[in-house]
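Student: Mind having a look at this structure? Questions to follow.
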Amino acid sequence: MKARITVTLKNGVLDPQGKAIEKALAALDFSGVDEVRQGKVIDIELAETDPKKAEAALSEMCEKLLANTVIENYAVEIR
């Protein structure tokens, strides 16, 4: 079973990398970009065949390692 985890910073958390991307886009003459927030995507393949068990395992992975839940949100998508 394949899954995708998307990790993003919570609203209100400063995003210096997003700001750097925003400034670089402006320097490249891309206008109309108001705010950039960056995150990460993690693709995982699991041996689990039960979607509910897979989602529970993936959430546990996020809580323990893949996301800093103090400042980041995560979303799990079973594919």
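Just so it is clear, none of the values below were taken in a lab; they were calculated from the coordinates. All of these numbers come straight from a predicted model, not from anything done at the bench. A quick note on method: Cβ atoms are made from the backbone with ideal geometry, for glycine too, and the neighbour counts reach across all protein chains shown.
Student: How large are Rg and Dmax for region 2-78 when calculated on the C-alpha trace, in angstrom?
Tutor: Both quantities, over Cα of region 2-78: 15.8, 48 Å.
Student: If you don't mind, another one. How big is the dipole moment of the chain about its Cα centre under a simple scheme where the beta carbon of each Lys and Arg is +1, that of each Asp and Glu is -1, and everything else is neutral? Debye, nearest 20, please. Let's see the in-between values first.
Tutor: Details: 11 positive and 14 negative charges, 15 e Å.
So the magnitude is around 80 debye.
Student: Is any residue of region 1-30 close enough, with backbone N under 14 Å, to a label point placed 7 angstrom from the Cα of ARG37 along the Cα-Cβ axis, and if so, which?
Tutor: The answer is 6-19.
Student: Could you grab the relative contact order for the chain? Cα pairs under 8 Å, six or more apart, rounded to a whole percent.
Tutor: 52 percent
Student: Follow-up. Where does the chain land at 222 nm, in deg cm²/dmol rounded to the nearest 500, when only DSSP H runs of n ≥ 4 count, each adding -39500 (n - 2.57), divided by all residues? Don't jump to the answer; show the numbers that get you there.
Tutor: On the way: 2 runs with 23 residues, N = 79.
Theoretical 222 nm ellipticity from helices: -9000 deg cm²/dmol.
Student: Lysines within cross-link reach of LYS23: Cα-Cα under 22 Å, excluding same-chain residues under 8 positions apart?
Tutor: LYS10, LYS40
Student: Taking the Cβ of each residue in ILE42, ILE71 as the centre, tally the other Cβ atoms inside 10 Å and list the residues starting with the fewest. Please report the intermediate quantities before stating the final value.
Tutor: Working: ILE42 16, ILE71 12.
Going from least to most buried by this count: ILE71, ILE42.
Student: May I ask you to list the GluC sites (Glu not before Pro) in region 1-78 that are in a DSSP loop and have at most 12 other Cβ atoms within 10 Å of their Cβ? Could the numbers behind the result be given before it?
Tutor: Numbers: sites: GLU22, GLU35, GLU45, GLU48, GLU55, GLU60, GLU63, GLU72, GLU77; in loops: GLU35, GLU48.
Answer by residue number: GLU35.
Student: Of VAL33, VAL41, VAL13, which has the largest mean-square fluctuation in a 10 Å C-alpha GNM of the chain?
Tutor: Comparing VAL33, VAL41, VAL13 in a Gaussian network model of the chain, the most mobile one is VAL33.
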